[in-house]
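S.K.: Submitted below is the structure of interest, expressed as structure tokens.
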Amino acid sequence: MHPGGAPQSHASSLLVIDHVALVAWFGGAREGANDTRIVVARGDLNGIFDAPVIVAPAPVPHWNPVLAEGPDGRVWLFFRRGPRIDTWTTWVCHSSDGGESWSDPVELVPGDTTGGRGPVRQAPVWFGDTWIAPGSVEVWSEPTIWDSFLDLSCDGRSWRRIPLPLDHDGIRGAGSIQPALVIGSRGQLVAFTRSTGGWTLRSETDDPERWPALQPCALPNNNSGLAAVTLPDGRLACVHNTSNEDWGSRGTLVVSVSSDDGVSWAPGVTLEDAGTGAGGRPSTAAASGVVTSGEGEFSYPCALVVGDELWVTYTWQRRGIALARVPLAHVGAE
């Protein structure tokens, strides 16, 4: 899937609803450039997609779209706007016809310029009658501090932010962002976050209002986005890069599988492998975005169980968005 001529593409989101597959991402000259826009490609369950179209254009940088089926049954498209990550505003538009047309965008939390509300990478998850959006904020002044949170809502109109606690003294670097949220084997909530400390951070709870402090689990993280899903057999799958360096290589993208709610992990399928070099390592990173050529980069996955397959969309060398379809029987050994 290609962005209609944009030099770089990144940060895809995947949704399947009523036999329609939708993929959204941002494309432009580079991450954080004024010409970046949200695009959406509409397809079918055979993985055949129409040409992507720009949604909700405005003359500012656009970032991190998230597709979700909302409480009202419509498709919701969340995204960020702004020249700096630490002053993002979050916007949302809706579709009542499976992504063929979209409403005018509105601010999710009017006037909030704290760096984004609602979901930042993964769609909200229902827990009882609460819609829970995994979010995060990034403070890029010195010292740089990143923190994750959950935004709780019953109807998508009002939101209440709950922190995912982190002991910053116990982790190298800025901290934790971009949670992935799943339902565990007991019906509990389990959160996994990207981190600067070399390992994915984890927390679980039965009460979405109260979370234990995030702790490292046995899953490497290179300070890049990950995706987690609950498989039909109750195991968890996580799509991630394999390096554990801060801003490390994004050259190998794999699926790992857990039978104990994400405490331990076993290797599964390798989706991409650029070799042993430093493929996809960003050259610089700042509040204005990551600077990279994209060479050797396979990153920022989004994962969804579709029938008897695991569908994964991901950034393919910043040149486009790839779709991998992995039979569930091949995801990981029992």
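S.K.: For H330, what accessible surface area do you get with a 1.4 Å probe? Give it in Å², rounded to 10.
M.R.: 120 Å²
S.K.: Is there a quick way to get the dipole size of region 257-334? I mean about its Cα centre, with the Cβ of Lys and Arg at +1 and of Asp and Glu at -1; what is the value in debye to the nearest 20?
M.R.: Numbers: 4 positive and 9 negative charges, 89 e Å.
In debye, rounded to 20, region 257-334 gives about 420.
S.K.: If you don't mind, there's one more thing I want to ask. Give the separation of the Cα centroids, region 17-33 to region 93-148, in Å.
M.R.: One Cα centre to the other: 15 Å.
S.K.: With log10 I(q)/I(0) by the Debye sum over Cα atoms at q = 0.11, 0.13, 0.15 Å⁻¹ defined as stated, name the option among (1) -0.62, -0.91, -1.30; (2) -0.81, -1.03, -1.22; (3) -0.79, -1.09, -1.38 computed from the structure displayed.
M.R.: Correct label, based on the coordinates given: (1).
S.K.: Please sort by residue number the trypsin sites (Lys or Arg not before Pro) in region 135-195 whose DSSP state is loop and whose Cβ has at most 14 other Cβ atoms within 10 Å. Show your work: numbers first, answer last.
M.R.: On the way: sites: R157, R160, R161, R172, R186, R194; in loops: R157, R172, R186.
In loop regions of region 135-195 (DSSP not H, G, I, E or B), the sparsely surrounded trypsin sites (Lys or Arg not before Pro) are R157, R172, R186.
S.K.: A further question on this structure: With the chain treated as a Gaussian network of Cα nodes joined by springs under 10 Å, which of P179, P105, P124 yields the largest mean-square fluctuation?
M.R.: Greatest mean-square fluctuation among the candidates belongs to P105.
S.K.: Hey, what's region 131-184 come to in accessible area per residue, 1.4 Å probe, Å²? Mind dumping the intermediate values first?
M.R.: Numbers: 2190 Å² over 54 residues.
Dividing the accessible area of region 131-184 by its residue count gives 41 Å².
S.K.: On to the next question. Expressed as a whole percentage, what fraction of the accessible surface of region 227-294 belongs to carbon and sulfur atoms when a 1.4 Å probe is rolled over the protein heavy atoms? Please list the in-between numbers first.
M.R.: Numbers: 1350 of 2630 Å².
Solvent-exposed carbon and sulfur of region 227-294 make up 51 percent of the total.
S.K.: Okay, moving on. Name the residue, out of E142, E31, E209, whose mean-square fluctuation peaks in a Gaussian network model built on the chain with Cα pairs under 10 Å.
M.R.: Per the Cα network of the chain with a 10 Å cutoff, E142 tops the list.
S.K.: Within a Cβ distance under 9 Å of T196, other residues only, what is the Lys/Arg minus Asp/Glu net charge?
M.R.: Numbers: positive: R172, R194; negative: D246.
Here the count lands on +1.
S.K.: Right, here's the next one. What fraction of the Cα pairs in region 191-287, stated in percent, has a spacing above 21 angstrom? Walk me through the numbers on the way to the answer.
M.R.: Values: 1569 of 4656 pairs.
Pairs farther apart than 21 Å: 34 percent.
S.K.: Follow-up question, since we're still on this one. Measure out, as a whole number of angstrom, how far apart the alpha-carbon centroids of region 223-268 and region 203-218 sit.
M.R.: Between the Cα centre of region 223-268 and that of region 203-218, the gap is 17 Å.
S.K.: In whole Å and largest first, what semi-axes does the C-alpha gyration tensor of region 27-185 yield when each eigenvalue is scaled by 5 and square-rooted? Could the numbers behind the result be given before it?
M.R.: Numbers: eigenvalues 135, 84, 44 Å².
Over the Cα atoms of region 27-185, the semi-axes work out to 26, 20, 15 Å.
S.K.: Hey, what's region 239-296 come to in accessible area per residue, 1.4 Å probe, Å²?
M.R.: Values: 2430 Å² over 58 residues.
Accessible area per residue, region 239-296: 42 Å².
S.K.: Suppose all protein chains stay in the model; what accessible area per residue would a 1.4 Å probe give for region 1-105, in Å²?
M.R.: Details: 4010 Å² over 105 residues.
Using a 1.4 Å probe on heavy atoms only, each residue of region 1-105 averages 38 Å².
S.K.: Next question. Mind giving me the nanometre distance, one decimal, between the label points for S103 and D44, set 7 Å out from Cα along Cα→Cβ?
M.R.: About 3.0 nm, to one decimal.
S.K.: Pick out, from S264, A213, I85, the residue whose Cα sits farthest towards the positive end of the charge dipole of the chain, with +1 on the Cβ of Lys and Arg and -1 on the Cβ of Asp and Glu.
M.R.: I85
S.K.: Tell me, what % of the accessible area of region 1-79 is carbon and sulfur with a 1.4 angstrom probe?
M.R.: Working: 1510 of 2910 Å².
On region 1-79, the fraction of accessible area on carbon and sulfur atoms equals 52 percent.
The values are calculated or read from the model by the stated rules, or taken from the named source; none is laboratory data. Because the structure is predicted, anything quoted here is derived from the model rather than measured. Backbone-built Cβ (ideal geometry, glycine too); neighbour counts: all protein chains shown. Side chains included, ligands, DNA and RNA excluded: accessible areas come from the protein's heavy atoms. Shrake-Rupley method; radii C 1.70, N 1.55, O 1.52, S 1.80 Å.
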